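Asker: Before I ask anything, let me first share the structure, which is written out below as structure tokens.
The values are calculated or read from the model by the stated rules, or taken from the named source; none is laboratory data. The model shown is predicted, which means the values in this text are computed figures rather than measured ones. With ideal geometry, Cβ positions are generated from the backbone for all residues, glycine too; neighbour counts draw on all protein chains shown. Protein only, heavy atoms only, side chains kept; ligands, DNA and RNA dropped before computing areas. Shrake-Rupley method; radii C 1.70, N 1.55, O 1.52, S 1.80 Å.
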Amino acid sequence: MTWPNLPRLRSFVVDFAALLDAAEDDEPRILGEGGDLLARLVAQDDWLPISYATPSPTRYRQYLLHCDSLQRFSVVSFVWGPGQATPVHDHTVWGLVGVLRGAELSQGYARQGGRLVPAGPVRRLEPGRIEAVSPRVGDIHRVANAFDDRTSISIHVYGANIGAVRRATYDGAGRPQPFVSGYSNATLPNLWDASQEQSA
Ligand code: FE2
């Protein structure tokens, strides 16, 4: 099935790859200019195919939408059922989060002595809002759907094939537990059928 506005996502991944070509390892530039690209993508909620926007009753979903051929970045839709939340976790690479639908609550954590303690207030992310994570700017957080009666969706971009990255969740005492998240989907949306534009 074709999805009429999916070219928005193709333009995004093309622009993001061009940004990485230009910025190389300049993380502040990637987070700044990449955040602007992501803000434009999530400003319109008319392009995400329903297969990648469907929640599970048991656990939040992480649908891979695109992975760069050199695994320099990946794009994921996080789909939160009512009340669903992540454990406290890290990323180990840079990441950008943009809310597409609903709202999320994000609580950062920081090391204090041997423990992990909440750092700053819980932030409420509304549609269009962009948040960044990385070992440089703060990498450990817990994220939850702000609603207990509806689905929320956010679009994430990470500086790796995030589903294959060895990272950690943290228990209440701040002890790391190794995890590799994987993805919820076995097939990807087809971004590359440009026949409609060619025949227009
Ligand atoms: Fe996260």
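Asker: What is the angle, in °, between the Cα long axis of helix 27-42 and the longest principal axis of the Cα atoms in the chain? Nearest 10 is fine, range 0 to 90.
Answerer: Here the helix axis deviates by roughly 60 degrees.
Asker: Would you kindly compute the Cα radius of gyration of region 135-200 and its largest Cα-Cα separation (Dmax), both in Å?
Answerer: Taking only Cα atoms of region 135-200, I get Rg and Dmax of 17.7, 59 Å.
Asker: Among Gly114, Ala144, Ala53, which residue has its Cα furthest toward the positive end of the charge dipole of region 7-183, with +1 on Lys/Arg Cβ and -1 on Asp/Glu Cβ?
Answerer: Checking the options against the dipole of region 7-183, the answer is Gly114.
Asker: While we're here: Give, in whole angstrom and from largest to smallest, the semi-axes √(5λ) of the equivalent ellipsoid of region 7-183, with λ running over the eigenvalues of the Cα gyration tensor. Intermediate values should be presented prior to the final figure.
Answerer: Details: eigenvalues 112, 82, 44 Å².
Each semi-axis is √(5λ); the values are 24, 20, 15 Å.
Asker: Something else about it: For Glu24, what accessible area in Å² do you get when you roll a 1.4 Å probe over the heavy atoms of the protein chains, rounding to the nearest 10?
Answerer: 130 Å²
Asker: Out of region 147-183, which trypsin sites (Lys or Arg not before Pro) are coil in DSSP terms and have no more than 12 other C-beta atoms within 10 Å? List each step's numbers first, then the result.
Answerer: On the way: sites: Arg150, Arg166, Arg167; in loops: Arg150, Arg166.
Within region 147-183, the qualifying trypsin sites (Lys or Arg not before Pro) (loop, at most 12 other Cβ atoms within 10 Å) are Arg166.
Asker: While we're on this one: Let me cross-check Ile30: its accessible surface, 1.4 Å probe, with only protein heavy atoms counted, in Å² to the nearest 10?
Answerer: Rounded to the nearest 10, that gives 10 Å².
Asker: Using a 1.4 angstrom probe on the protein heavy atoms only, line up Thr58, Thr151, Thr92 by accessible area, largest first.
Answerer: Working: Thr58 120, Thr151 40, Thr92 65 Å².
From most exposed to least exposed: Thr58, Thr92, Thr151.
Asker: Report Rg/Rh for region 1-65, rounded to two decimals, where Rg is the Cα radius of gyration and Rh the Kirkwood radius. Intermediate values should be presented prior to the final figure.
Answerer: On the way: Rg = 14.1 Å, Rh = 13.5 Å.
Rg/Rh: 1.05.
Asker: As a test question: what accessible area, to the nearest 10 Å², does Phe179 have when a 1.4 Å probe is rolled over all protein chains in place?
Answerer: Here the residue's solvent-accessible area equals roughly 50 Å².
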